[in-house]
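Trainee: Handing you this structure, nothing more for now.
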Amino acid sequence: MKRRVFLQTTLGLGTGAALGILGWQSAAGASAAGAALQWRDRTLTGMGTLLSLRVAHADAEQAERALDAAIGTIRHVEAQMSLFNPDSAISRLNRDRVLAAPDPDLVKVFQRAQSVSARSRGAFDVTVQPLWAIFEAARRQGALPSPAAVAQARAAVGWQRLDISAREIRLRQPGMAVTLNGIAQGFAADLVRAQLQQYGIVHALINTGEWAALGRPGPTRRWALGIADPRQEQALIARLAMDGRSIATSADNQSIFSQDRRHHHIFDPRSGYSPPGLASVTVAAADCALADALTKVMFVAGFHGALQLAREWQVDVLVVDKKGNWQATPGLQLQTS
């Protein structure tokens, strides 16, 4: 998977140019947050990308213990939900079409995904993996799949044919396969956030491929994210202040099947092809799993549809079309200069 560079961390609105994706103001940030706080950082590779965690605690050893636990949680999510791991629970489900005694977190994330699928009328669907598989196979041959191949794969897509219970998860139809790439990173951020709180962490920035935060980097600053231009990744569209909500982004430059970015890793489950209108979507929501899933719903809805759906879902969005035009809902706290 292409490295996710769409969101870059900054240290608050009005503080100058955005830093790199792992950038923060280490010494000044620690001082601003209070001399008693000890800041600790970790970076790791996981879930198909580079992840980062930053936490503060008065006890440096407790901060390290919290980070150890958070990384354990990320590895747990990977063991259950990562298609990059051929031995993960979801990989075994795709091979065998049934998974007995699934982990409770796997059940939980599938149930959340199904809820979004039902409410979005199928715009979000974890059973789109057959579509990704045929596009990826064709890409390796320097081509696109034929309409007949897309139609055949599309016939194996359908969230209603996925059975989920504490006893087992089952794919009812031959040829079905699932992917949690559209929600697992957000779900991991939620788990990590809750775990850090259990360790007494009140200030943290969590990057699991999507973003969540606790507290502040300093008494007069808020965590902020720089939203990169999907056509010029070193340029920012705006800086977004985190207001306690989680942030997720999907973009058409993260994994492409055609150089014009018309075909990419986000699919409209109902057509079998990528939605044509948007280049990127950023969603701010109360929890990161929802924000993550809704980026795909908003992609399918298109530019104006996404702005309308934001009200229905009680979230905020920033959408960028293929020509670089963008618009955000009023609830986002943006600085553009």
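The values are calculated or read from the model by the stated rules, or taken from the named source; none is laboratory data. In this text the structure is predicted, and so the values were computed from the model without any measurement. A quick note on method: Cβ atoms are made from the backbone with ideal geometry, for glycine too, and the neighbour counts reach across all protein chains shown.
Trainee: Show me the strands (runs of 3 or more DSSP E) found entirely inside the range 205-252 where at least 3 residues are modelled with pLDDT of 95 or more.
Mentor: Values: elements: 211-214, 224-229, 232-241, 246-251.
Filter on the range 205-252 gives 211-214, 246-251.
Trainee: Does residue 99 satisfy the criteria of being in a helix (DSSP H, G or I), touching a strand residue (DSSP E or B) at 6+ places or on another chain (Cβ under 7 Å) and either over 11 Å from residue 180 (Cβ atoms) or among the aromatic types (Phe, Trp, Tyr) (or both)?
Mentor: Values: in a helix (DSSP H, G or I): no; touching a strand residue (DSSP E or B) at 6+ places or on another chain (Cβ under 7 Å): yes; either over 11 Å from residue 180 (Cβ atoms) or among the aromatic types (Phe, Trp, Tyr) (or both): yes.
It is false that residue 99 is in a helix (DSSP H, G or I), touching a strand residue (DSSP E or B) at 6+ places or on another chain (Cβ under 7 Å) and either over 11 Å from residue 180 (Cβ atoms) or among the aromatic types (Phe, Trp, Tyr) (or both).
Trainee: Next up: I'm checking my understanding of the structure. Among residues of the range 296-312 that are free of Cβ contacts under 8 Å to residues at least 60 places away in the same chain and of a type in the set (A, V, I, L, M, F, W, C), which one is surrounded by the most Cβ atoms within 10 Å (Cβ to Cβ)?
Mentor: First pass over the range 296-312, keeping only residues free of Cβ contacts under 8 Å to residues at least 60 places away in the same chain: 298-299, 302-312.
Now drop any that are not of a type in the set (A, V, I, L, M, F, W, C), which leaves 298-299, 303, 306-307, 309-310.
Details: 298: 30, 299: 27, 303: 17, 306: 24, 307: 18, 309: 19, 310: 25.
Here the residue is 298.
Trainee: Quick one: residue 312 ticks every box in (1) in a helix (DSSP H, G or I); (2) in contact with a strand residue (DSSP E or B) (Cβ under 7 Å, 6 or more places away or on another chain) except a single one, so which number is it?
Mentor: Of the numbered conditions (1) in a helix (DSSP H, G or I); (2) in contact with a strand residue (DSSP E or B) (Cβ under 7 Å, 6 or more places away or on another chain), the odd one out for residue 312 is (2).
Trainee: Within the bounds of the range 25-42, is there any residue that is modelled with pLDDT of 95 or more, under 22 Å from the mean Cα position of the chain (by Cα) and either surrounded by 19 or more Cβ atoms within 10 Å (Cβ to Cβ) or not in a loop (DSSP other than H, G, I, E, B) (or both)?
Mentor: Scanning the range 25-42 turns up at least one residue that is modelled with pLDDT of 95 or more, under 22 Å from the mean Cα position of the chain (by Cα) and either surrounded by 19 or more Cβ atoms within 10 Å (Cβ to Cβ) or not in a loop (DSSP other than H, G, I, E, B) (or both).
Trainee: I need the full set of residues from the range 100-145 which are of a type in the set (Phe, Trp, Tyr) and farther than 17 Å from residue 266 by Cα, in order please.
Mentor: Going through the range 100-145, the residues of a type in the set (Phe, Trp, Tyr) turn out to be 110, 124, 132, 135.
110 - this is the single residue of the range 100-145 that is of a type in the set (Phe, Trp, Tyr) and farther than 17 Å from residue 266 by Cα.
Trainee: Another question, then. Looking at 287, 268, 316, 229, which is the one that is among the acidic types (Asp, Glu) and farther than 24 Å from residue 116 by Cβ?
Mentor: On the way: 287 fails: farther than 24 Å from residue 116 by Cβ; 268 fails: farther than 24 Å from residue 116 by Cβ; 316 fails: farther than 24 Å from residue 116 by Cβ.
Testing whether each residue is among the acidic types (Asp, Glu) and farther than 24 Å from residue 116 by Cβ leaves just 229.
Trainee: Return the total of residues in the range 53-75 being in contact (Cβ under 8 Å) with a residue 40 or more places away in the chain and assigned to a helix (DSSP H, G or I). Steps first, answer last, please.
Mentor: Let us first name the residues in the range 53-75 that are in contact (Cβ under 8 Å) with a residue 40 or more places away in the chain, namely 53-57, 62-63, 65-66, 69-70, 73-74.
If we keep only those that are assigned to a helix (DSSP H, G or I) too, we end up with 62-63, 65-66, 69-70, 73-74.
Of the residues in the range 53-75, 8 are in contact (Cβ under 8 Å) with a residue 40 or more places away in the chain and assigned to a helix (DSSP H, G or I).
Trainee: Oh, and also: Among the candidates 150, 126, which residue alone is surrounded by 18 or more Cβ atoms within 10 Å (Cβ to Cβ), part of a helix (DSSP H, G or I), touching a Phe, Trp or Tyr at 6+ places or on another chain (Cβ under 9 Å) and modelled with pLDDT of 95 or more? Quick ask: steps written out before the conclusion?
Mentor: On the way: 126 fails: part of a helix (DSSP H, G or I).
Every option except 150 fails the conditions.
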